[in-house]
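Chemist: This is the structure I have questions about; it appears just below.
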Amino acid sequence: MVRRLFPCLLPCLIAASAQTTPADQNPPPDSRPFFSRVRGLFDIDLPELDPPGTVKLILHPHLSDFIRRDYLRTEAGFRWALNDRFELSAEASTYLTHGLGGGSDGYGIGELRLGAKYIFTGWLRPAYEASVTFNASRPTGTPPLDMTDGFNHFLPGFTIQRHSERNPKLTTFAAGGLDLLGRSTSPGTLRPNEPHDDSFSLTAGAVYDLGQFKWTFAGTYASTALLGDETEHFFYLKPSLLWYVPARYTFHSKTQWIVGLGLRSTWGPDGYDFGVSTRVRAEITFRQVVANVRERVMPRRAP
């Protein structure tokens with residue numbers, strides 16, 4: 001019953017956003033959050049938004065799949081800041097057999113994700129910011145067995161962050177959330193030390209912003225106590241380093257490339273597990289895409 005109620009929250013949040021920013025209001029070109037979520041390295045939705053009205057397109061190819069898997073995963077989606085408080089996002093995870101291995105999984109969309117975030121302004125002290133989030137993911141079709149865990153996920157959450165007054169580069173945060181599972185019709189495989197039932201989680205960590213480089217650290221405790229049929233406990237430590245590649249290294253492209261390296265240590269019913277993750281992601285606003293198309297299609301007029 002609880003799982004059925006949570007999807008109803010999304011339309012309510014959309015209605016709560018009420019007044020959106022007019023489309024003709026141009027956000028500052030260089031104004032963006034100091035940090036954004038990078039799935040797989042830093043999975044926390046901090047209380048940060050793009051300038052109101054910004055629609056940011058996101059592309060995330062898993063280049064390591066050319067070595068580790070028989071297919072290539074690519075995540076594509078968008079993030080839309082309706083105003084200075086409310087954000088919507090959508091993402092699709094696709095797969096394509098690259099031919100370098102022995103697999104024949106074909107191609108298709110393996111998972112869909114939707115998300116919403118609402119920021120509370122003026123609610124806490126000036127150094128603090130808070131937000132509530134709701135994310136949902138659903139496997140689709142018949143993706144490769146190890147691409148998804150085979151469950152639908154409904155993930156409401158709450159996050160508070162604090163900007164250090166002594167060190168402006170340091171931001172600490174705390175977050176709590178639920179992960180409510182539902183069986184899907186798609187096959188899947190759970191990774192080691194992943195909850196097999198409804199669970200809650202508590203996370204604390206920090207971001208150290210050095211401009212182009214950003215260090216992150218997050219420690220998480222998760223448990224199926226009170227929510228699941230069996231009580232299990234999980235612990236995660238995830239440090240990472242993200243590099244926001246300067247334009248001079250991308251031929252002055254308007255696309256913001258992000259390269260990341262992260263470590264993942266987990267403890268749980270399956271014992272201890274350790275892994276290394278790499279990420280390459282591209283972000284560009286919809287306005288920048290339109291501007292690029294106009295520059296290529298429409299010839300420049302002579303002065």
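The values are calculated or read from the model by the stated rules, or taken from the named source; none is laboratory data. All values derive from a computational prediction rather than experimental measurement. Ideal geometry is used to build each Cβ from the backbone, glycine not excepted, and the neighbour counts take in all protein chains shown.
Chemist: Just to be sure I understand, how many residues within the range 55-109 are charged (D, E, K, R), touching a Phe, Trp or Tyr at 6+ places or on another chain (Cβ under 9 Å) and closer than 24 Å to PRO156 by Cα?
Modeler: Number satisfying all stated conditions: 4.
Chemist: Out of curiosity, is ALA81 under 22 Å from ASP45 (Cβ atoms), surrounded by 19 or more Cβ atoms within 10 Å (Cβ to Cβ) and among the hydrophobic types (A, V, I, L, M, F, W, C)? Explain how you work it out, then say what you get.
Modeler: Details: under 22 Å from ASP45 (Cβ atoms): yes; surrounded by 19 or more Cβ atoms within 10 Å (Cβ to Cβ): yes; among the hydrophobic types (A, V, I, L, M, F, W, C): yes.
So ALA81 passes the test.
For (1) modelled with pLDDT of 95 or more; (2) out of contact with any Asp or Glu (no Cβ under 9 Å at 6 or more places or on another chain); (3) closer than 27 Å to ARG73 by Cα, each residue gets a yes or a no:
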| residue | (1), (2), (3) |
| --- | --- |
| LEU210 | no, yes, no |
| GLY228 | no, no, no |
| HIS233 | yes, yes, no |
| SER265 | yes, no, yes |
| THR285 | no, no, yes |
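Chemist: Scan LEU72, LEU63, LEU49, LEU59 and give me the residue that is touching a residue at least 24 places away in the same chain (Cβ under 8 Å), in a loop (DSSP other than H, G, I, E, B) and within 30 Å of GLY102 (Cβ to Cβ). Even if it seems obvious, please write down each step before you answer.
Modeler: Details: LEU72 fails: in a loop (DSSP other than H, G, I, E, B); LEU49 fails: within 30 Å of GLY102 (Cβ to Cβ); LEU59 fails: in a loop (DSSP other than H, G, I, E, B).
LEU63 is the lone residue from the list that is touching a residue at least 24 places away in the same chain (Cβ under 8 Å), in a loop (DSSP other than H, G, I, E, B) and within 30 Å of GLY102 (Cβ to Cβ).
Chemist: If I filter the range 135-168 down to residues being modelled with pLDDT of 95 or more and aliphatic (A, V, I, L, M), which single residue comes out as nearest to ASP198 (Cα to Cα)?
Modeler: Filtering the range 135-168 for residues that are modelled with pLDDT of 95 or more and aliphatic (A, V, I, L, M), the one nearest to ASP198 (Cα to Cα) comes out as LEU155.
Chemist: So, in the range 84-110, of the ones that are of a type in the set (Gly, Ala, Ser) and closer than 17 Å to VAL280 by Cα, which residue ends up surrounded by the most Cβ atoms within 10 Å (Cβ to Cβ)?
Modeler: Going through the range 84-110, the residues of a type in the set (Gly, Ala, Ser) turn out to be 89-90, 92-93, 99, 101-104, 106, 108, 110.
If we keep only those that are closer than 17 Å to VAL280 by Cα too, we end up with 92-93.
Numbers: ALA92: 14, SER93: 23.
By that ranking, first place goes to SER93.
Chemist: Also: Give all pairs with beta carbons closer than 6 Å in which a residue from the range 183-202 that is modelled with pLDDT of 90 or more meets a residue that is among the aromatic types (Phe, Trp, Tyr); count only pairs at least 6 apart in sequence or on separate chains.
Modeler: Sorted first by the residue in the range 183-202, then by its partner, the pairs are ASN193/PHE234; LEU202/TYR221.
Chemist: With the requirement that a residue be small (Gly, Ala, Ser) and part of a strand (DSSP E or B), what does the range 85-126 give you? It would help to see each step written out before you state the result.
Modeler: Taking the range 85-126 and keeping what is small (Gly, Ala, Ser), we get 89-90, 92-93, 99, 101-104, 106, 108, 110, 115-116, 122.
Passing the criteria: SER89, ALA90, ALA92, SER93, GLY108, GLY110, GLY115, ALA116.
Chemist: Does the range 19-27 contain at least one residue that is assigned to a loop (DSSP other than H, G, I, E, B), aliphatic (A, V, I, L, M), loosely packed, with under 14 Cβ neighbours inside 10 Å and at pLDDT below 50? It would help to see each step written out before you state the result.
Modeler: Taking the range 19-27 as the starting set, the residues that turn out to be assigned to a loop (DSSP other than H, G, I, E, B) are 19-27.
Among the residues that remain, those that are also aliphatic (A, V, I, L, M) are: 23.
Keeping just the survivors that are loosely packed, with under 14 Cβ neighbours inside 10 Å gives 23.
If we keep only those that are at pLDDT below 50 too, we end up with 23.
Yes: the range 19-27 contains one or more residues that are assigned to a loop (DSSP other than H, G, I, E, B), aliphatic (A, V, I, L, M), loosely packed, with under 14 Cβ neighbours inside 10 Å and at pLDDT below 50.
Chemist: Still on this structure: Please specify each residue of the range 169-223 satisfying the condition of being in contact with a helix residue (DSSP H, G or I) (Cβ under 9 Å, 6 or more places away or on another chain) and outside any strand (DSSP E or B).
Modeler: As a first pass, look at the range 169-223 and keep what is in contact with a helix residue (DSSP H, G or I) (Cβ under 9 Å, 6 or more places away or on another chain): 178, 180-182, 198.
Listed by number, the list holds a single entry, ASP198.
Chemist: For the range 166-177, how many residues are closer than 30 Å to THR148 by Cβ, in contact with a Phe, Trp or Tyr (Cβ under 8 Å, 6 or more places away or on another chain) and surrounded by 18 or more Cβ atoms within 10 Å (Cβ to Cβ)? Before the answer, list the steps.
Modeler: Keep residues of the range 166-177 that are closer than 30 Å to THR148 by Cβ, which gives 173-177.
Going one step further and asking which of them are in contact with a Phe, Trp or Tyr (Cβ under 8 Å, 6 or more places away or on another chain), we end up with 175-177.
Remaining after also requiring surrounded by 18 or more Cβ atoms within 10 Å (Cβ to Cβ): 175, 177.
Count: 2.
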